[in-house]
Amino acid sequence: MKDATPADTTPPTGAARTHGSLRVVKVESRSDLKTFLHLPWSLYQDDRQWVPPLLHEQRLLFSPKNPYFDHAVCRCWIAVRDGRPVGRISAQIDRLHLDRYEDATGFFGMLEAEDDGEIFQALLRTAEDWNRAGGMQRIRGPFNLSINQECGLLVDGFETQPAMMMGHARPYYARRVGQCGYVKEKDLLAYAIDTGVEPSNAMNLILKRTKKRIKTRTVSRKSFQHDLDMIFDIFNDAWSDNWGFIPFTRNEITHMANDLRLLINERLARIAYVDDQPCAFIVLLPNLNEAIADLNGRLLPLGWLKLLWRLKVRRLRTGRILLLGVRKAFQGTTLGAALAYRVIGDTRQAVLDLGMKELELSWILEDNIGIQSIIEDCGGREYKRYRIFSKQL
């Protein structure tokens with residue numbers, strides 16, 4: 001179920017739709033894709049918290065080699081008024097989601113637009129029509145492009161920069177989406193953790209009681225792929241009952257390993273064992289957004305050197321806990337809480353040694369009270385909120 005964006009044409013739609021002086025144009029050429037990817041620069045030029053994404057990475061997102069397209073199709077459009085691009089959107093249909101949930105739900109994403117209700121209406125209606133033509137009865141988003149990538153629309157926390165692989169938006173976005181008939185489906189929370197805060201008494205007590213049963217180790221570069229396979233085996237079990245969950249495929253795991261190999265520090269990724277069985281893990285990465293904020297989306301000619309120097313020499317003061325999981329069999333138990341505390345706690349010294357002052361742990365479902373309590377015991381506080389919207393078609 002591949003998409004060679006911008007070439008794929010299934011499900012069918014017209015090349016362009018007209019709404020008065022506003023036109024919604026299908027992305028079909030390399031030039032169109034360039035316009036699509038560059039559009040956020042005009043919207044966020046006066047927003048100090050926006051971090052320009054690396055254009056190279058954005059292009060790879062839409063490459064036919066992206067393993068997401070092994071099980072999904074995607075279409076992109078640009079809204080144009082008087083010859084000027086004023087908005088963009090994507091629409092996706094994911095076979096893995098449909099196989100798992102059988103709910104005839106499609107998706108939208110990559111939504112960016114000027115503060116104009118007509119633009120939002122035209123873009124979202126186009127994504128809705130495409131999904132409807134593909135047999136979908138409901139649309140949900142934003143997802144850029146899947147739930148395992150950047151997702152959710154920022155609704156609280158505009159005053160700080162997003163962490164890597166998390167989104168940013170203007171405050172008017174949520175209002176405009178709501179005006180188009182969309183309702184909240186789920187909120188995703190991001191927590192900030194001050195690395196200087198000592199663990200709570202409750203956390204220390206649980207760790208003491210379970211010390212003999214739990215062992216942890218760092219990920220090894222020599223067996224990197226093996227360890228990553230182990231991590232995603234735990235992840236796919238740990239998250240399997242979570243809202244919206246879609247398992248990582250083998251190709252997606254390999255693809256992510258290649259993408260993150262440069263960033264992963266062995267001491268910041270750990271696997272926990274109970275009775276010699278791998279049961280929990282954590283993957284913490286330096287916050288790439290801190291390193292690329294002033295590169296304007298480009299690694300050439302000198303961006304690569306700046307990035308490498310900041311990652312390897314100067315080091316970064318912030319990080320993101322990208323992945324955290326405890327096997328389902330232990331969830332809701334004291335031992336399960338201890339596993340989460342342990343992988344976080346055992347990573348703390350490495351974080352301090354590397355000079356990181358603050359971590360983001362994201363994202364957490366708004367109704368996952370258990371993990372929220374664990375994060376708060378570790379000194380975390382909610383500081384950003386992202387929203388998933390949906391609409392019946």
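Does Leu300 count as without any contact (Cβ under 8 Å) to a residue 12 or more places away in the chain, farther than 20 Å from Arg270 by Cα and not in a helix (DSSP H, G or I)? Give the steps one after another, and end with the answer.
Values: without any contact (Cβ under 8 Å) to a residue 12 or more places away in the chain: yes; farther than 20 Å from Arg270 by Cα: yes; not in a helix (DSSP H, G or I): yes.
So Leu300 fits the description; yes.
Among the candidates Arg132, Arg175, which residue alone is in a helix (DSSP H, G or I), free of Cβ contacts under 8 Å to residues at least 60 places away in the same chain and either buried (at least 21 other Cβ atoms within 10 Å of the Cβ) or out of contact with any Ser or Thr (no Cβ under 7 Å at 6 or more places or on another chain) (or both)?
Criteria check complete, one pass: Arg175.
Can you tell me which residue among Ile89, Ile93 is buried (at least 18 other Cβ atoms within 10 Å of the Cβ), closer than 27 Å to Glu185 by Cα, touching a residue at least 40 places away in the same chain (Cβ under 8 Å) and within 22 Å of the chain's Cα centre (by Cα)?
Details: Ile89 fails: touching a residue at least 40 places away in the same chain (Cβ under 8 Å).
Being buried (at least 18 other Cβ atoms within 10 Å of the Cβ), closer than 27 Å to Glu185 by Cα, touching a residue at least 40 places away in the same chain (Cβ under 8 Å) and within 22 Å of the chain's Cα centre (by Cα) holds for just one of Ile89, Ile93, which is Ile93.
Against the definition (touching a helix residue (DSSP H, G or I) at 6+ places or on another chain (Cβ under 9 Å) and over 26 Å from Glu57 (Cβ atoms)), how does Val343 come out, yes or no?
Answer is no for this residue.
Which numbered condition trips up Leu96, out of (1) at pLDDT below 95; (2) in contact with a His (Cβ under 6 Å, 6 or more places away or on another chain); (3) of a type in the set (A, V, I, L, M)?
Exception for Leu96: condition (1).
Kindly evaluate Arg217 against the criterion of being of a type in the set (Lys, Arg), touching a helix residue (DSSP H, G or I) at 6+ places or on another chain (Cβ under 8 Å) and in contact (Cβ under 8 Å) with a residue 12 or more places away in the chain. Reasoning before the result, please.
Values: of a type in the set (Lys, Arg): yes; touching a helix residue (DSSP H, G or I) at 6+ places or on another chain (Cβ under 8 Å): no; in contact (Cβ under 8 Å) with a residue 12 or more places away in the chain: yes.
Criteria not met by Arg217.
For region 331-352, which positions are free of Cβ contacts under 8 Å to residues at least 60 places away in the same chain, surrounded by fewer than 19 Cβ atoms within 10 Å (Cβ to Cβ) and not hydroxyl-bearing (Ser, Thr, Tyr)? Step through it out loud before you land on a result.
Filtering region 331-352 down to residues free of Cβ contacts under 8 Å to residues at least 60 places away in the same chain leaves 332-333, 336, 349.
Pick out the ones that are also surrounded by fewer than 19 Cβ atoms within 10 Å (Cβ to Cβ) and you get 332-333, 349.
The answer is Gly332, Gln349.
Show the residue pairs that are 6+ apart or on different chains and have beta-carbon atoms under 7 Å apart, the first residue being within region 359-372 and under 19 Å from Glu185 (Cβ atoms) and touching a residue at least 60 places away in the same chain (Cβ under 8 Å), the second being of a type in the set (S, T, N, Q) and part of a helix (DSSP H, G or I).
Ile364/Gln372
Kindly establish whether Val326 is surrounded by 17 or more Cβ atoms within 10 Å (Cβ to Cβ), in contact with a Gly (Cβ under 6 Å, 6 or more places away or on another chain), among the aliphatic types (A, V, I, L, M) and touching a residue at least 40 places away in the same chain (Cβ under 8 Å).
Working: surrounded by 17 or more Cβ atoms within 10 Å (Cβ to Cβ): yes; in contact with a Gly (Cβ under 6 Å, 6 or more places away or on another chain): yes; among the aliphatic types (A, V, I, L, M): yes; touching a residue at least 40 places away in the same chain (Cβ under 8 Å): yes.
Yes; evaluated as a whole, the condition is true for this residue.
Check region 100-121 and report whether any residue there is surrounded by fewer than 23 Cβ atoms within 10 Å (Cβ to Cβ), free of Cβ contacts under 8 Å to residues at least 24 places away in the same chain and farther than 22 Å from Arg170 by Cα.
Taking every residue of region 100-121 in turn, at least one turns out to be surrounded by fewer than 23 Cβ atoms within 10 Å (Cβ to Cβ), free of Cβ contacts under 8 Å to residues at least 24 places away in the same chain and farther than 22 Å from Arg170 by Cα.
Against the definition (part of a helix (DSSP H, G or I), outside the structural domain of Gly106 (by TED's automatic domain parsing), under 18 Å from Tyr341 (Cβ atoms) and under 22 Å from the mean Cα position of the chain (by Cα)), how does Ile206 come out, yes or no?
So Ile206 does not fit the description; no.
If a residue has to be touching a Phe, Trp or Tyr at 6+ places or on another chain (Cβ under 8 Å) and surrounded by 21 or more Cβ atoms within 10 Å (Cβ to Cβ) to count, how many in region 178-200 make the cut?
Selection size over region 178-200: 5.
Quickly run through region 184-208 and pick out the residues that are among the acidic types (Asp, Glu) and more than 20 Å from Thr160 (Cα to Cα).
Restricting attention to region 184-208, the residues satisfying the condition of being among the acidic types (Asp, Glu) are 185, 187, 194, 198.
Result: Glu185, Glu198.
Among the residues of region 153-161, is there at least one that is touching a His at 6+ places or on another chain (Cβ under 6 Å) and not hydrophobic (A, V, I, L, M, F, W, C)?
There is no residue in region 153-161 that is touching a His at 6+ places or on another chain (Cβ under 6 Å) and not hydrophobic (A, V, I, L, M, F, W, C).
The values are calculated or read from the model by the stated rules, or taken from the named source; none is laboratory data. Small disclaimer: the values here were computed from a predicted structure and weren't measured. A quick note on method: Cβ atoms are made from the backbone with ideal geometry, for glycine too, and the neighbour counts reach across all protein chains shown.
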